[in-house]
Amino acid sequence: LRSSIFSQLRDDILKGRYEPGENLVELKLAAQYGVSRTPVREALRQLELEGLVKYLPNRGVAVEGITTEDVKDIFAIREHLESLVANWAARKAEPEEVKKMEDTLDLQEFYTAKDDVEQVTVLDTEFHRLLLEASRSKSLRYALGSMLDYVEQARLRSLHVPGRIHDSIGEHRAILEAVAAGNAELAGERMAEHMRRARENVLQHVATETKEDKIEAD
């Protein structure tokens, strides 16, 4: 029960269903899940270890969510890891794997023309997954797995920034070109640049949202 409730709450927090600062009441959550308060309390303790919630004096449990600093840290780590993924994929990818990546980017362009940001984001994730599979590294797959969950919501919202979808696909094309050519060093460099641009875009979007929220509050 604790594991199930933890997974659901974690997903809800990462996807923005609970806002930062919002209180999570044990009794209410227990009623929602149809369980006693014990597994809920255990799940909240585990979320606290991940830094997603915080116990506050006289307030109970409040959502911490993903901060701007978290986003900076995650993208800095991803820059190094994803660069290594692209480098190794260029060394190890089979022709049929390269073809799957090309097909994925073609679909991205198709849905971009339809302005379907959600589907484009799904395909964006798929492109990175295919690269990861081509790198043949279980260790990289494990290291990157949970990290992607932490930035998914911010990444989805940030792709609404005018021009970013087109830029992202162009960057993917450049990465794939290097992978297909077997140029490991270039593939890694282009992925690192892609991660830096993605980080700048997400942070710019987060800053804009924060400014707009402040204006509305005033």
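The values are calculated or read from the model by the stated rules, or taken from the named source; none is laboratory data. This one's a predicted model, so the numbers in the text were calculated from it and none came from an experiment. Heads up, the Cβs are rebuilt from the backbone with ideal geometry, glycines too, and the neighbour counts pull from every protein chain shown. Side chains included, ligands, DNA and RNA excluded: accessible areas come from the protein's heavy atoms. Shrake-Rupley method; radii C 1.70, N 1.55, O 1.52, S 1.80 Å.
Once fully extended, how much extra length lies between GLU102 and ALA143, figured as 0.36 nm per residue of separation less the alpha-carbon to alpha-carbon distance?
Going from the current span to full extension adds 12.2 nm.
Which angle between 0 and 90 degrees, to the nearest 10, do you get for helix 164-180 versus the longest principal axis of the chain when only C-alpha atoms count?
Computed tilt is about 50 degrees.
List the residues whose amide H sits under 5 Å from the amide H of LEU24, counting only those 5 or more places along or on another chain, with H placed 1.01 Å from N in the peptide plane.
So LEU24 has HN proximity to VAL61, ALA62, VAL63.
Can you quote the Å³ per residue value for the convex hull of the Cα atoms in region 1-101, rounded to an integer?
In region 1-101, the Cα hull volume divided by residue count equals 145 Å³.
Residue-wise, which Karplus ³J(HN,Hα) couplings in Hz belong to region 43-59, taking 6.51 cos²θ - 1.76 cosθ + 1.60, θ = phi - 60°, and x for glycine or proline?
Result, rounded to whole Hz: 5, 5, 5, 5, 5, 5, 5, 7, x, 8, 9, 9, 7, 10, x, 6, 10.
For region 65-124 and region 1-64, what is the separation of their C-alpha centers, rounded to whole Å?
Taking the Cα centre of each part, region 65-124 and region 1-64 sit 31 Å apart.
Obtain the nm distance between the two label points defined at LEU49 and ALA113 by a simple spin-label model: each point lies 7 Å from its Cα along the Cα-to-C-beta direction.
Between LEU49 and ALA113, the label points sit 5.0 nm apart.
Whole number please: convex hull volume per residue, Cα atoms of the chain, in Å³.
Convex hull volume per residue, Cα atoms: 141 Å³.
Out of LEU123, MET147, LEU84, whose Cα points farthest toward the positive end of the dipole of the chain (charges: +1 Lys, Arg; -1 Asp, Glu; placed on Cβ)?
MET147
What is the helix-to-structure angle for 2-14, meaning the angle in degrees between its Cα long axis and the longest Cα principal axis of the chain, kept from 0 to 90 and rounded to the nearest 10?
For helix 2-14, the angle is close to 70 degrees.
So what's the angle, to the nearest 10 degrees on a 0 to 90 scale, between helix 138-158 and the longest Cα principal axis of the chain?
70
Per residue, how many Å² of accessible area does the chain show with a 1.4 Å probe?
Heavy-atom accessible area per residue stands at 55 Å².
Using the structure shown, list the pairs from LYS28/LYS72; LYS15/LYS138; LYS72/LYS138 with a Cα-Cα distance above 32 Å, or answer none.
With Cα atoms farther than 32 Å apart: LYS28/LYS72.
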